[in-house]
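Beneath this line is the structure, given in structure tokens, with notes to follow.
The values are calculated or read from the model by the stated rules, or taken from the named source; none is laboratory data. None of the values given here were measured: they were computed from a predicted structure. Neighbour counts are summed over all protein chains in view; Cβ atoms, including those assigned to glycine, are modelled from backbone coordinates with ideal geometry.
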Amino acid sequence: MKKFASLLLTALLLLTGCAKEAPVEPSLTRVGFSQLGAESDWRVANTDSMIRAFSEENGYELLYDNARQKQANQLVAVRNFIVQGVDIIVIAPLEETGWEAVLQEAKNAQIPVIIVDREVAVEDTELYLTQIGSDFLTEGLQAVGWLENALENRQEDVNILHIQGTYGATAQIQRTKAIEDAVRLHDNWHFAAQLAGDFTESKSYEMVRDFLAENQDIDVIYSENDNMTFGAMRALDEAGITYGQGGDVTIISFDAARRALKLCMEGKINLCVECNPLHGPRVDELIRQYLAGETIPKQIFVEETVFTPEILTPELIAARQY
Ligand code: AHR
């Protein structure tokens, strides 16, 4: 009753012009972000970039979920976002398949979805607004091209230890495609083994350690991310095998996060292929364009480069954000 009386009084004051309208809070855009996990330095930098971009000062209310490397957790998170009626859903998908049903649910609820980092394999691409991330195949081709040059038409056998990321993730599928195609093309290139490193340092260390206990005849490590490279380097150190510039094993690593770049500058990693995780401001920009009614491309690749010891300096590394 008291509340009703106070509302009535406020209405009367407003009508008679005796009270000023309360300043209207600009409404926040509610974003639900499903992150696949925290498996690598890259992922930590990516999460940080996204959380910073979706701050209140930037006009967002962020609902964040870490799926801890399980797609089932991502599906639950996205369904929760739908129930909570967020304005936009952003998904960094663990693997490419298995998204149709939940994306259809988001579409039915008229909530646009942005796919970030990796891709989703759905027949109906109208199920999401856009996808932004790395061109993982180009990354792989850059690595392969560099290796062809580094080997200078070497005729002897080249034994490649291939450490693969999470099976079914775009980063794994495309980087794997690049090296598998190259091995098919060069008669003297062979896989010593293809190991499942799951993009983590610990898994890669175990796999490489066990592999080296049986076979040490390797010339190249093609590691699909920096953290798996660190695990492999530990196993090589323990086995007393040298690597990097002037070593027995050439190391190619993907991501080019700061820790790897330092090792590359020291000559311990021969090639770092950049995979840029700073998607927060990019997704923020896409959301603003969408809200302004602008047309957005269906797929956006970010620009990336490669690093070798010769071009790296402490200043260059210090200036990088991850
Ligand atoms: O999808 C990007 C890849 O995923 C990065 O190479 C890797 O570090 C991360 O785990």
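Before moving on, here are some points about what is shown:
- The sole residue among Ile251, Ile287, Ile221, Ile269 that is touching a residue at least 40 places away in the same chain (Cβ under 8 Å) and part of a strand (DSSP E or B) is Ile221.
- Matching residues in the range 232-274 - criterion: being small (Gly, Ala, Ser) and more than 15 Å from Glu304 (Cβ to Cβ): Ala232, Ala235, Ala239, Gly240, Gly244, Gly246, Gly247, Gly267
- The sole residue among Ile251, Ile269, Ile241 that is away from the ligand (no atom under 16 Å from the Cβ), surrounded by 13 or more Cβ atoms within 10 Å (Cβ to Cβ) and closer than 28 Å to Glu156 by Cα is Ile241.
- Qualifying positions in the range 151-194 - within 29 Å of the chain's Cα centre (by Cα), away from the ligand (no atom under 16 Å from the Cβ) and under 21 Å from Met233 (Cβ atoms): Asn159, Ile160, Leu161, Phe191, Ala192, Ala193, Gln194
Yes/no matrix, rows are residues, columns are (1) at pLDDT 95 or above; (2) hydroxyl-bearing (Ser, Thr, Tyr); (3) more than 19 Å from Gly244 (Cα to Cα):
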{"site": "Thr176", "(1), (2), (3)": "yes, yes, yes"}
{"site": "Asp187", "(1), (2), (3)": "yes, no, yes"}
{"site": "Asp210", "(1), (2), (3)": "yes, no, yes"}
{"site": "Tyr222", "(1), (2), (3)": "yes, yes, no"}
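- Restricting attention to the range 108-163, the residues that are at pLDDT below 95 and either assigned by TED's automatic domain parsing to the domain that holds Glu95 or among the polar types (S, T, N, Q) (or both) add up to 2.
- Being over 21 Å from Ile160 (Cβ atoms), within 15 Å of the ligand (Cβ to nearest atom) and not assigned by TED's automatic domain parsing to the domain that holds Arg154 holds for only one residue in Arg258, Arg282, and it is Arg282.
- When restricted to residues that are touching a residue at least 24 places away in the same chain (Cβ under 8 Å), of a type in the set (Gly, Ala, Ser) and surrounded by fewer than 17 Cβ atoms within 10 Å (Cβ to Cβ), the range 61-100 contains 1.
- Checklist (1) in contact (Cβ under 8 Å) with a residue 12 or more places away in the chain; (2) out of contact with any helix residue (DSSP H, G or I) (no Cβ under 7 Å at 6 or more places or on another chain); (3) away from the ligand (no atom under 16 Å from the Cβ) applied to Ser134, failing item: (3)
- Restricting the range 26-57 to residues that are surrounded by 15 or more Cβ atoms within 10 Å (Cβ to Cβ), polar (S, T, N, Q) and farther than 14 Å from Ile91 by Cβ, the residue that is nearest to the ligand (Cβ to nearest atom): Ser40
- Scanning the range 138-154 for residues that are surrounded by fewer than 17 Cβ atoms within 10 Å (Cβ to Cβ) and free of Cβ contacts under 8 Å to residues at least 60 places away in the same chain returns Gly145, Glu148, Asn149, Glu152, Asn153, Arg154.
- For Glu266: the one exception among (1) in the same structural domain as Met233 (by TED's automatic domain parsing); (2) of a type in the set (D, E, K, R); (3) touching a strand residue (DSSP E or B) at 6+ places or on another chain (Cβ under 9 Å): (3)
- Extreme residue, surrounded by the fewest Cβ atoms within 10 Å (Cβ to Cβ), among residues of the range 116-131 that are more than 16 Å from the ligand (Cβ to nearest atom) and not aliphatic (A, V, I, L, M): Glu123
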